[in-house]
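Trainee: Okay, handing you the structure first.
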């Protein structure tokens, strides 16, 4: 029964072109900013690092890591529009008089959002690799692709759980549309994608505290490692450059390792899914 509900939710999401567009709004903003402003912004700085780096390929991978990261969040959010619409149009009442358990119905929305996030994010990954290849870069190695897919899965799960909690307090399609538009517009900023974190100073601490920003850090590390010549690792790059571009997060003298980024994302996923379950349980009462 849950599989049938998930299939229905996916059809409704992809049938609504406006919903799909707004869920990709953040990605479109990133691409426009990149093509107009960011492409040549750091070319000279990257060239000065040395090690034989290709500035164009480096920046292409940096921005595409941001595109993929934003996609994991905004498309997952957009998928919950089916749930909001069902509640507002009272379609959910039809489910209530059927043998379907309410918990199964809610779970189908959550799983649908995860699937939408995965599908759209994998599409974004394919688009990013095709773009990089067309402009003279190299496709990621198989091991790097597996890591990227793991980051996408973890980010989508975290996004779905956080939004699952938030969605418990949204009652109308208009409110959901407003939140989707605003969130889709600012999530790239809070991930350090629109503007590199090194140029923000005061806001940098806010970005480092934003859970979704850790997705971008991990994705950048995986993708940028592939742009480095043989024998050169991320550890060899200047700390100032890595921190300015959000390739690593520094808290004072402490550099956050990849394992802690992953643990933080897992903790946020579990926490907000639990809070979402509590919120929907109280809502039912």
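Every number here is computed from the coordinates shown, using simple stated rules; none is lab data. Here the structure is a predicted model, which means the values were calculated and not measured. Here the Cβ is made from the backbone with ideal geometry for all residues, glycine too, and neighbour counts use every protein chain on show.
Trainee: In percent, how large is the relative contact order of the chain, given Cα pairs closer than 8 Å and 6 or more residues apart?
Mentor: Details: 349 pairs, mean separation 73.1, N = 285.
Taking the mean separation of contacting Cα pairs over the length of the chain, I get 26 percent.
Trainee: Of all alpha-carbon pairs in segment 77-144, indicate the percentage at a distance above 20 angstrom.
Mentor: Tail of P(r) above 20 Å: 50 percent of Cα pairs.
Trainee: Still on this structure, please answer the following. Where does the chain land at 222 nm, in deg cm²/dmol rounded to the nearest 500, when only DSSP H runs of n ≥ 4 count, each adding -39500 (n - 2.57), divided by all residues?
Mentor: Values: 14 runs with 206 residues, N = 285.
Taking each H run of at least 4 residues, the total per residue is -23500 deg cm²/dmol.
Trainee: Normalise the Debye intensity by I(0) for segment 96-251, one equal point scatterer per Cα, no solvent, then take log10 at q = 0.16, 0.17, 0.18, 0.19 Å⁻¹ and round to two decimals.
Mentor: -1.05, -1.15, -1.24, -1.33
Trainee: Hey, another quick one. Quick check on the exposure proxy: order 8, 282 from fewest to most C-beta atoms within 10 angstrom.
Mentor: Working: 8 14, 282 9.
Exposure proxy ranking, most exposed first: 282, 8.
Trainee: By how many degrees, between 0 and 90 and to the nearest 10, does the Cα long axis of helix 25-36 differ from the longest principal axis of the chain?
Mentor: 20
Trainee: How large is log10 of I(q)/I(0) for the chain at q = 0.12, 0.14, 0.15 Å⁻¹ when the intensity is taken from the Debye formula with one equal scatterer per alpha-carbon?
Mentor: -0.74, -0.97, -1.09
Trainee: Students often check this: by mean Cβ neighbours within 10 Å, which of 161-173, 130-142, 75-87 ranks highest, and how do the rest follow?
Mentor: Details: 161-173: 18.3, 130-142: 13.8, 75-87: 24.3.
The packing order, highest mean first, is 75-87, 161-173, 130-142.
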